[in-house]
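The block underneath contains the structure these notes are about, expressed in structure tokens.
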Amino acid sequence: MVGAGRTFGRFYPAVSLLHELDPRAKILATAIFILGIFLVGSIPGLLEVAAALAVLVVASRVPPGVFLRTLRPVAIIVILTALFQILFSREGVTLFEWGILQVHEGGLSMGFFLALRILLLVLAAGLLTATTSPVALADGVEDLLSPLKRFRFPAHEVAMMTTIALRFIPTLQEEAQKIMNAQAARGASFAEGGLIRRAQAFRPVLVPLTVGAFRRADELAEAMESRGYRGGEGRTRYRELRFQVRDALALAVAALVIALGALL
């Protein structure tokens, strides 16, 4: 069901140019973005990359709220990273001082820079999974890794595991939410007390969540085995992948965006 509960790793069906691109092109373009973001060393450069990703979000015809929800799980990491830089960096002009608490221009700039970098990394990965079906993603990963088969690298198995892992992310998130709701109905509180107390409150959630994850893995393995799954040998595809001119242009645009961001 397409709705507000969509999370990271879940495909959003829509009619757009991004959905129609070859999955191999989208995987390579995402890799270019992720690796290139680490090469961009300035805030203007990251803002240029952010503007490009914003255009891609609009072009994907996926509701922006879906991508905002993909950023929610990393919100704490982003906030802590920014606060660490803002409060402990002593570079640049002092903007605010109160006792031992000091905020410097360099710390504020670095905090914003690192927070933006993390958000862009997650957004680039979320754009890939939102516009690429799990089957197409598995086929793309397998094709990209196929040259390694001559070295006995299990390309099909790695692609299958990657796809299953991505598919299980939203499933486990939904399962965790159900367990938390059940615990809350029995009087458990996950929002009261300090950080240590909140972490301890999640212990009753982790045990059933882990047991449920192993149970789902066993059920999936039995279902695949009962259907005669024996790896990728001799398997055919319903739809063959074809790399077209538009896919090459997409890679060129991704490289151009990163190159321009690195120069700013």
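Just so you know, all these numbers are worked out from the coordinates, no wet-lab data involved. Here the structure is a predicted model, which is why all the values come from computation and not from measurement. Counting neighbours? That spans all protein chains shown, and the Cβs are built from the backbone with ideal geometry, glycine included.
Quick rundown of the values:
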item: Longest site-free stretch - the chain; sites: trypsin sites (Lys or Arg not before Pro), DSSP loop, at most 15 other Cβ within 10 Å; result: 91-151
item: Dimensions (Å) - segment 7-84, Cα atoms, principal axes, largest first; result: 41, 25, 19
item: Diffusion constant of segment 68-166 at 20 °C, which comes from Stokes-Einstein with the Kirkwood Cα-pair radius and 1.002 mPa s, µm²/s; result: 130 µm²/s
item: Euclidean distance of C-alpha centroids, segment 66-101 and segment 19-34, integer Å; result: 31 Å
item: Cα lying deepest toward the dipole's positive end in the chain, options Val62, Ala29, Ala182, charges on Cβ; result: Ala182
item: Hz values of 3J(HN,Hα) by residue in segment 89-102 - Karplus curve (6.51, -1.76, 1.60), Gly and Pro given as x; result: 7, 10, 8, x, 6, 6, 9, 8, 8, 8, x, 7, 7, 9
item: Estimated inter-spin distance, Glu219 and Ala248, nm [label 7 Å along Cα→Cβ]; result: 4.7 nm
item: At 1.306 mPa s and 10 °C, Stokes diffusion of segment 101-155 via Kirkwood alpha-carbon radius, µm² per second; result: 110 µm²/s
item: Phi-based couplings in Hz for segment 13-18 (Karplus 6.51, -1.76, 1.60; Gly and Pro marked x); result: x, 7, 9, 7, 5, 5
item: In Hz, Karplus ³J(HN,Hα) per residue of segment 20-25 (6.51, -1.76, 1.60; θ = phi - 60°; x = Gly, Pro); result: 7, 5, 4, x, 5, 5
item: Amide proton proximity set for Tyr12, modelled H, under 5 Å, gap of 5+; result: Thr131, Thr132
item: Estimated inter-spin distance, Val207 and Ala14, nm [label 7 Å along Cα→Cβ]; result: 4.3 nm
item: Helix-only mean residue ellipticity at 222 nm for the chain, each DSSP H run of n ≥ 4 adding -39500 (n - 2.57), per residue, nearest 500; result: -23000 deg cm²/dmol
item: Alpha-carbon centroid distance for the pair segment 139-155 / segment 40-60, whole angstrom; result: 31 Å
item: Kirkwood Rh and Cα Rg combined as Rg over Rh, evaluated for the chain; result: 1.02
item: Where labels lie 7 Å past Cα in the beta-carbon direction, separation of Ala185 and Glu240 in nm; result: 5.3 nm
